[in-house]
Amino acid sequence: MFLESVNRAGWVEVICGSMFSGKTEELIRRLKRALFARQEVEIFKPKIDVRYSETEVVSHDAHAIRSTPVENSGNILLLTGNVDVVGIDEAQFFDANIVNVCQMLANQGIRVIVAGLDMDYSGKPFGPMPQLMAIAEYVTKVHAICVHCGNLANHSHRLNKDDKLVMLGELESYEPLCRHCFNKMKQNGK
Ligand SMILES: [Zn+2]
């Protein structure tokens, strides 16, 4: 595209937060804006996230744009030949190599927008998200509202007792809680 005559620099943006914080909606907003400017956009998500649709980035309020599920982060490099913007959703489920992949894309002049959960249900940093946040030029933390007290929520509290980390987000399995309410639930063993 015509902007290539300009010295185009790539960079990495991370959008992170708890469940129900609107991070996928924010990813979609940024990608749609790029599409409107006729930029070439490719969107990827890990193959594991097949909650709603095989080929779409879908947020809870059903704004969707087409995405490609990939087995591992290395596959993203094979599918980003001539793009301006790469979107990556549910990045917390990717392997550790996703950090190198984002670096390589940005070094090639591509704008990389990564969305993912910053913490798992137990409140620990989730997968490669801490590293992605460290290497990113821009980090946006979005927040849900605590269902108990109405403060800003940064935790995804799991409502059932399954210990499988790769449980996928559904309204009936998780609730957003603030730090205070999350700690109270933990103290009470819930
Ligand atoms: Zn609260």
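For region 138-166, how many residues meet the condition of being at pLDDT 95 or above and assigned to a loop (DSSP other than H, G, I, E, B)?
8
Take the conditions of a type in the set (G, A, S), under 23 Å from V41 (Cα atoms) and more than 16 Å from the ligand (Cβ to nearest atom) and apply them to A134. Does it pass?
In short, no.
For the subset of region 2-18 comprising residues that are aliphatic (A, V, I, L, M) and modelled with pLDDT of 95 or more, which member is farthest from A136 (Cα to Cα)?
Residue satisfying both the conditions and the ranking: I15.
Which of the following residues is surrounded by fewer than 23 Cβ atoms within 10 Å (Cβ to Cβ) and at pLDDT 95 or above: I135, I113?
That would be I135, the only listed residue that is surrounded by fewer than 23 Cβ atoms within 10 Å (Cβ to Cβ) and at pLDDT 95 or above.
The values are calculated or read from the model by the stated rules, or taken from the named source; none is laboratory data. All figures in this text were calculated on a predicted structure; none of them were measured in a lab. Cβ sites come from the backbone with ideal geometry, for glycine too, and all protein chains shown count toward neighbours.
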